[in-house]
């Protein structure tokens, strides 16, 4: 793959261009925007999606005395691992639909707010990914 990164491949023919591809990449605004989005997602994942579930697991395990209730919570946490990617995508779409029919927008409507177009903004998309 490194050899391919130093070539310009057009219609099956490869011409050696050296580090031109890397220089073009470093000057590309879209590349830096993608790097920023990836870093922001990584930081929020490390800060929110690892400690919060761990803390929740400790609280649930220590506060629930009934083994039956503990097993119910364990099973409910494992169910997403059994869900196929297609089903998960459909559920995601139903939750974050940009109309008033989306589950999250229905909850927001109960508080009197207008529907949010989740996947049309940077912040909305990041919130949807982290949810």
Okay, helices (runs of 4 or more DSSP H) sitting entirely in the range 1-58 with 2 or more residues that are at pLDDT below 85, exposed (fewer than 10 other Cβ atoms within 10 Å of the Cβ) and more than 21 Å from the chain's Cα centre (by Cα), I get 2-5
When every residue in the range 95-119 that is assigned to a helix (DSSP H, G or I) and in contact with a helix residue (DSSP H, G or I) (Cβ under 6 Å, 6 or more places away or on another chain) is compared, the one farthest from residue 129 (Cα to Cα) is 103
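The values are calculated or read from the model by the stated rules, or taken from the named source; none is laboratory data. Keep in mind that what you see is a predicted model, and the values were worked out from it rather than measured. Note: ideal-geometry Cβ built from the backbone for every residue, glycine included; neighbour counts use all protein chains shown.
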